[in-house]
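Only one structure is covered here, and it is reproduced in the block below.
The values are calculated or read from the model by the stated rules, or taken from the named source; none is laboratory data. From a predicted model like this one, the values you see are computed outputs, not experimental measurements. Ideal geometry is used to build each Cβ from the backbone, glycine not excepted, and the neighbour counts take in all protein chains shown.
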């Protein structure tokens, strides 16, 4: 249970923010969950109304409040389109922390967050064994997308998923600390869990692009999760431990920018670390602020700092027709949308074509996909339809979590469309 003084402080912050909401309902038009269910309780306005007077609700029906609050993707569509500027994501994150502090963390989540995630060395070894043994429990279903499904009865249900990489990124690439080259710049590379354990080629593409442009790289050992799985479940204890762990790896190192190839990691470090740092020491808060100020998405760094631009090549029939999906955390939380498109068109072998609703949520939402898969898949199928309508053979994005969801939807539909990260597409053009 959380300290009552801390809970009281969070509730006061929450109440101060809730008064801004006019209950106008503009969030209904953009909420992907509401579009599927039509339920007022599933849209931001309904949840904010529910949270108004949370102190009383905590004693009346805390689990009911928590269940309804968890039916949210945290995609930020409501915040990005709110005429009153209500910081809905901030409110929901803090509300989840309050409810988890009051109710306690479920045993399974406690074991995952505090037993695994906060111990990255143990977590890495466990998943290394998982990668070796996973063939006993899964079978391949799509060679192009590299998807598998569960053998016999599986807790993963109908999902078509990417398995753990046979060799994780941290096993392929040793820690490094190289000097700046021709660019005169040095970056710290925050890899992130999904790239490390499922999509190592993305990490290698980042390093290839940085080397090509003469950028020095600091890559620490024993890096950990950014903390968003724990925080989105309201576990501020595990979240703060992960923040401190990562700060010890990056603070004090000389670098110009901290880059990530994961939209969720970028938004978490840049926005949520400072938001939830209030209970940390003043020194730690200063470290968080310094790291957050230096954090950038890799495509933003390549375009804004290194000057990568569109290459106007003569179109041929052999050019790859490619479209792009905007990750919610990148466009809606950070306002980064143009740079990934420029990066894609810096590959002369690509012909870019915009899809309809490119910035509509894919429906993953982290643990939302695990708890509400039918709803997550329904939202994801709409994204799949838009990709299919584009007629493209490749869909790129800037978030490995979005890649998991889009891959699942395309694989189940039998579409022959490749899913790639924007930095992979760019790195393929480098010699």
| Selection within segment 163-208 - in contact (Cβ under 8 Å) with a residue 40 or more places away in the chain, crowded, with 20+ Cβ neighbours inside 10 Å, under 27 Å from residue 134 (Cα atoms) and more than 16 Å from the chain's Cα centre (by Cα) | 168, 170, 205
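Confirm whether residue 408 is in contact (Cβ under 8 Å) with a residue 60 or more places away in the chain and either touching a helix residue (DSSP H, G or I) at 6+ places or on another chain (Cβ under 7 Å) or assigned to a helix (DSSP H, G or I) (or both).
So residue 408 passes the test.
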| Close pairs from segment 47-58: first farther than 23 Å from residue 33 by Cβ, partner at pLDDT 70 or above and part of a helix (DSSP H, G or I), Cβ under 7 Å, at least 6 apart | 58/102
| task | Filter segment 248-286 down to residues that are surrounded by 18 or more Cβ atoms within 10 Å (Cβ to Cβ) and under 17 Å from residue 224 (Cα atoms), then give me how many there are. | result | 17
| said: If I go through segment 366-381 residue by residue, how many of them are over 19 Å from the mean Cα position of the chain (by Cα) and in contact (Cβ under 8 Å) with a residue 40 or more places away in the chain? | reply: 1
| Filtered residue count, segment 247-273, keeping only those that are part of a loop (DSSP other than H, G, I, E, B) and within 20 Å of residue 210 (Cα to Cα) | 6
| request: Filter segment 241-259 for residues that are within 15 Å of residue 110 (Cβ to Cβ) and touching a helix residue (DSSP H, G or I) at 6+ places or on another chain (Cβ under 7 Å) and give the result. | output: 242
| query | Going by the conditions given, is residue 401 in a helix (DSSP H, G or I), under 30 Å from residue 106 (Cα atoms), modelled with pLDDT of 95 or more and over 17 Å from the mean Cα position of the chain (by Cα)? | reply | no
| Residue under evaluation residue 324, criteria (1) touching a residue at least 60 places away in the same chain (Cβ under 8 Å); (2) within 30 Å of residue 66 (Cβ to Cβ); (3) in contact with a strand residue (DSSP E or B) (Cβ under 9 Å, 6 or more places away or on another chain), criterion not met | (2)
| task | Would you check which residues across segment 362-398 are assigned to a loop (DSSP other than H, G, I, E, B), out of contact with any strand residue (DSSP E or B) (no Cβ under 8 Å at 6 or more places or on another chain) and surrounded by fewer than 24 Cβ atoms within 10 Å (Cβ to Cβ) and list them? | result | 366, 372
| Number of the exception - residue 83 against (1) touching a helix residue (DSSP H, G or I) at 6+ places or on another chain (Cβ under 8 Å); (2) surrounded by fewer than 18 Cβ atoms within 10 Å (Cβ to Cβ); (3) in a helix (DSSP H, G or I) | (3)
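Taking the options 243, 308, 298, name whichever one is surrounded by fewer than 21 Cβ atoms within 10 Å (Cβ to Cβ) and either closer than 25 Å to residue 91 by Cβ or in contact (Cβ under 8 Å) with a residue 60 or more places away in the chain (or both).
Numbers: 243 fails: surrounded by fewer than 21 Cβ atoms within 10 Å (Cβ to Cβ); 298 fails: surrounded by fewer than 21 Cβ atoms within 10 Å (Cβ to Cβ).
The unique qualifying residue is 308.
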| Which members of segment 96-113 meet the condition of being touching a residue at least 60 places away in the same chain (Cβ under 8 Å), in a helix (DSSP H, G or I) and more than 20 Å from the chain's Cα centre (by Cα)? | 98, 99, 100, 101, 102, 110
